[in-house]
2 protein chains.
Amino acid sequence: MKQEDTELMMPESVDDFGLSDTSDKETSGRASMTSRAYARLRADIIAGVLIPGQKLKIEELRQLYDVGTSPIREALSLLTSDHFVERIDQRGFRVATVSAKEFDELLKTRCWLEERALRESIAHGNASWEEQVVLAAYRLSRVPRSAADDHFVANAEWEVRHKHFHVTLISACDSTMLMKFCDQLYDQNIRYRQLSGIQAYPTRDVTAEHGAICDAVLARDADLAAQLLVSHYVNTGDFLKDQLDAY
Amino acid sequence: MKQEDTELMMPESVDDFGLSDTSDKETSGRASMTSRAYARLRADIIAGVLIPGQKLKIEELRQLYDVGTSPIREALSLLTSDHFVERIDQRGFRVATVSAKEFDELLKTRCWLEERALRESIAHGNASWEEQVVLAAYRLSRVPRSAADDHFVANAEWEVRHKHFHVTLISACDSTMLMKFCDQLYDQNIRYRQLSGIQAYPTRDVTAEHGAICDAVLARDADLAAQLLVSHYVNTGDFLKDQLDAY
DNA sequence: ACGCTTAAAAAAATCGATATTATTCCCAAC
DNA sequence: GTTGGGAATAATATCGATTTTTTTAAGCGT
């Protein structure tokens with residue numbers, strides 16, 4: 001469980017969904033202006049507060065987040081590399097656009113990368129990794145997917161644990177780079193999930209799917225685990241795709 | 001041959017090795033300060049002028065490249081996401097460190113991603129893609145690997161065409177994201193190649209390897225093509241690894 | 001009314017200065 | 001001789017103002 005990411009990250013807003021890994025890092029109230037701007041912008045983009053394609057005017061953001069131009073500009077530069085923001089020649093920044101085509105690519109690419117990462121993890125993971133997987137799966141199962149019983153309301157704690165489960169699955173793949181790519185794609189996917197504005201539970205039993213993946217992993221059945229993981233993503237993807245006509 | 005990358009890039013220095021894609025973009029002398037700083041810093045890091053781990057003092061860079069602090073800072077932020085620069089808490093920036101372990105991971109990850117991308121390209125590429133591959137292979141073969149006959153001197157034109165060949169191979173994979181990841185890893189790899197300071201030709205016939213890959217691709221033999229491509233990378237990797245003790 | 005040129009407004013990019021934070025170095029105390 | 005405190009120094013992070021560039025609007029002639 002090493003923490004090699006020195007990048008700036010400091011969760012602040014509630015909609016953050018554990019995307020900025022708050023794990024074992026100094027979570028003191030003190031944070032650089034750049035980090036704060038970065039975290040808030042990112043959260044607002046993922047949450048859909050900032051609409052895809054929307055112009056991001058420096059002066060507006062400056063006043064909104066109450067910081068100078070430099071931190072805003074730096075945060076936007078960082079978000080550009082995360083593909084949450086697009087920089088236009090000499091015309092400033094805007095929220096990254098979304099499209100059904102891009103979502104397809106995203107889903108596909110995630111499957112390719114996560115499958116590879118999972119297979120490597122299964123091949124190389126040790127006992128400690130197994131335990132971490134079990135623990136992450138258990139913790140995820142202990143929390144309801146929705147914050148309300150009758151209709152769907154995103155449960156922040158479930159989001160955090162869900163991400164942690166998926167990160168743990170591939171954490172033994174022995175490639176920091178691959179893990180970072182998967183992380184990036186995961187976050188992109190969450191954005192699409194938010195934007196699709198799902199209101200209803202999916203009908204399938206997501207918890208059972210997680211359990212099945214966990215079992216296959218513990219049995220070191222790479223083919224089965226990979227197949228289950230990919231279906232898990234594709235199913236969720238198809239579910240979202242239906243609600244993604246707006247873009 | 002679409003150009004979807006709106007990111008800032010503007011080749012300036014000679015050591016650039018075609019890493020910033022100058023393809024069909026406005027290559028006028030006019031470029032933003034940020035782009036210039038970005039391109040030059042990047043080139044200097046890849047070329048090894050800026051040593052791994054070296055502190056990057058804003059004031060120094062400001063004077064060296066003759067721009068204000070903001071563009072420098074923004075360029076460094078961008079390079080941070082490219083993993084060419086590391087940002088340390090509140091202590092500024094430094095050139096990303098290198099290590100044998102990281103190189104191993106890099107090589108491994110490249111193989112995984114490029115194999116997937118190549119297989120997808122072979123599965124989905126059309127006639128136009130085939131023609132582009134042939135053309136890229138031919139152009140690469142028309143230029144010597146070394147600028148000098150007796151000892152090895154990097155040939156900028158070969159570098160450009162080599163990259164273009166590899167980009168073309170996977171250009172039909174239908175995933176912009178995957179292509180970007182591969183691009184990133186390619187550039188990281190070039191940095192390692194530069195740092196290793198190779199002086200001699202590799203004994204194997206690199207041109208022949210490219211030809212073989214091209215043939216397998218045209219025959220739509222995915223297994224063979226993938227195997228050849230991976231060997232190509234692993235061979236080059238092993239060759240470099242031997243000379244990488246310094247770090 | 002339409003297109004072209006030009007002026008005014010808005011916004012982005014950049015700069016230089018200030019405030020903040022880390023580092024260094026010296027000196028005293030143990 | 002080492003350790004700890006605390007200036008002095010150096011470097012970063014941030015801000016507000018200035019310079020360019022782009023966008024909008026207006027004017028003019030056809």
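The values are calculated or read from the model by the stated rules, or taken from the named source; none is laboratory data. From a predicted model like this one, the values you see are computed outputs, not experimental measurements. Don't worry about glycine lacking a Cβ; one is built from the backbone with ideal geometry, like all the others, and counts go over all protein chains shown. When the accessible area is computed, the model is the full protein with side chains, heavy atoms only, and any ligands, DNA or RNA have been set aside. Shrake-Rupley method; radii C 1.70, N 1.55, O 1.52, S 1.80 Å.
Among the listed pairs B:55/B:163; B:57/B:101; B:101/B:241; A:55/A:108; A:55/B:57; A:57/B:55, those with a Cα-Cα distance over 21 Å are B:55/B:163; B:57/B:101; A:55/A:108; A:55/B:57; A:57/B:55.
The residue in chain B that lies nearest, by its beta carbon, to the axis linking chain B with chain A is given here with the distance in whole angstrom as B:81, 2. Net charge in the neighbourhood of residue B:136 (other residues with Cβ under 13 Å of its Cβ; Lys, Arg +1, Asp, Glu -1) is +2. Here the accessible area of chain B is 50 percent carbon and sulfur, with a 1.4 angstrom probe and all protein chains present.
Determine the total buried accessible area between chain B and chain A, counting protein heavy atoms only with a 1.4 Å probe; round to the nearest 100 Å². What B and A bury together is about 3100 Å². Per-residue mean of foreign Cβ neighbours for A:103-115 is 4 (Cβ atoms of other chains, 10 Å radius). For the pair residue A:99 and residue A:51, label points projected 7 Å from Cα toward Cβ lie 1.9 nm apart.
Peptide B:173-185 is shielded by partner chain Cβ atoms: per residue, an average of 5 of them sit within 10 Å of its Cβ. Mean separation of Cα pairs under 8 Å and 6 or more residues apart, divided by the residue count, gives the range B:176-247 a relative contact order of 39 percent. Peptides B:89-101, A:139-151 ranked from most to least packed, by the mean per-residue count of other Cβ atoms within 10 Å: B:89-101, A:139-151.
Starting from the label point of residue B:145 at 7 Å along Cα→Cβ, the same points in the other copies fall at 5.4 nm, in ascending order. With Cβ to Cβ distances under 12 Å as the rule, what net charge do the other residues near residue B:146 carry (K, R +1; D, E -1)? Its environment carries a net charge of -3.
Per residue, the accessible area of chain B comes to 46 Å² when a 1.4 Å probe rolls over the protein heavy atoms.
For residue A:92, the point set 7 Å out from Cα toward Cβ sits 3.3 nm from its twins in the other copies, listed from shortest up. With label points defined 7 Å past Cα in the direction of Cβ, position residue A:32 shows copy-to-copy spacings of 2.0 nm, given to one decimal and shortest first. Per-residue shielding of B:69-80, expressed as the average number of other chain Cβ atoms within 10 Å of the residue Cβ, stands at 4. In order along the range A:124-133, the Karplus-derived 3J(HN,Hα) couplings, from 6.51 cos²θ - 1.76 cosθ + 1.60 at θ = phi - 60°, round to 10, x, 9, 4, 4, 4, 3, 4, 5, 5 Hz, and Gly and Pro are given as x. Taken as Cα centroids, the range A:142-158 and the range B:163-202 sit 44 Å apart, rounded to the nearest whole angstrom.
Could you compute the FRET efficiency for residue B:151 and residue A:156, with r as their C-beta to C-beta distance and R0 at 45 Å, rounded to 0.05? Before the final figure, lay out each step's value.
Working: r = 61 Å, r/R0 = 1.36.
Efficiency, rounded to the nearest 0.05: 0.15.
Remark: spin-label model distance residue A:69-residue B:221 equals 6.0 nm, labels positioned 7 Å along the Cα→Cβ axis.
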